[in-house]
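One structure is given below, encoded as structure tokens.
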Amino acid sequence: MPRPRLVPIVVAVGLAAVALAVVLVLSQSEPRAIAANGVRTSALELLPRTPACQRATVPAGTGGLRLSVTSLDGGPGPGVAATVRIGGRTATAGRAPAGWRGRTVTVPLDRRVERTTAGALVCVRATSPAPRAGLRVDRSGRFNVAFLEAEPRTWWSRARAVARHFGLGRPLGSPWMAVLAVAAMLGAAGLAVRTLLREVR
């Protein structure tokens, strides 16, 4: 057990570490999913080199696609290309390089979709025969796709939107509900630290 004189130092170092971790997490940036087609996948099909296509409503602001795919060879996955066709023309396209791992791959698009479009044709394909990848599909063969915003944003930049959603459905119905909740948590943490320091004196 640390000596009483060291307790304030230990507490201060611990709080500083927590604060640093929070700042690092909130400073990370990644594309936010605007919408998804809601397909519940139940099977795995080989991701073909010829495009696998389906109709979807592509929301305005889409700048990337996140696909549910899995490498079938136990290593990095192949390159993945995607296109979005509207009115018979390619509105935007992109590709993810080979080497991805996990169960999803993000394909950045070269142009942002400016208007929400129903019935757009979304096509995906592997850019090489090996390594192989599996595309997760439902019983009808439709694959899951999430539409991502064009510009990645940190959680700091989303604070206002998060606070607004936090206030929805609450008695006050205001973003200030989030501020009050954070203040209450900080106050409780401060009180706990103060009590601890008193006990060890």
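The values are calculated or read from the model by the stated rules, or taken from the named source; none is laboratory data. The structure displayed is predicted, hence computed values, not measured ones. Cβ: placed from backbone, ideal geometry, glycine included. Neighbour counts: every protein chain shown.
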* Among the residues of the stretch 106-120, is any without any contact (Cβ under 8 Å) to a residue 24 or more places away in the chain, over 20 Å from L47 (Cβ atoms) and among the acidic types (D, E)? -> yes
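I'd like to check something: does the stretch 130-149 contain any residue that is modelled with pLDDT of 70 or more, outside any loop (DSSP other than H, G, I, E, B), within 19 Å of A36 (Cα to Cα) and polar (S, T, N, Q)?
Here is the first cut: in the stretch 130-149, the residues modelled with pLDDT of 70 or more are 130-149.
Still in the running and outside any loop (DSSP other than H, G, I, E, B): 133-137, 143, 145-149.
Now drop any that are not within 19 Å of A36 (Cα to Cα), which leaves 135-137, 143, 145-149.
Subsequent filtering for residues that are polar (S, T, N, Q) retains none.
The answer is no, given that none of the residues of the stretch 130-149 is modelled with pLDDT of 70 or more, outside any loop (DSSP other than H, G, I, E, B), within 19 Å of A36 (Cα to Cα) and polar (S, T, N, Q).
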* Any idea which of G77, G61 is in contact (Cβ under 8 Å) with a residue 24 or more places away in the chain and on the phi > 0 side of the Ramachandran plot? -> G61
* Structure fact -> Per the filter on the stretch 46-75, residues among the basic types (K, R) and modelled with pLDDT of 95 or more are R55, R66
* In the stretch 93-118, which residue that is among the basic types (K, R) and farther than 19 Å from N37 by Cβ is surrounded by the most Cβ atoms within 10 Å (Cβ to Cβ)? -> R95
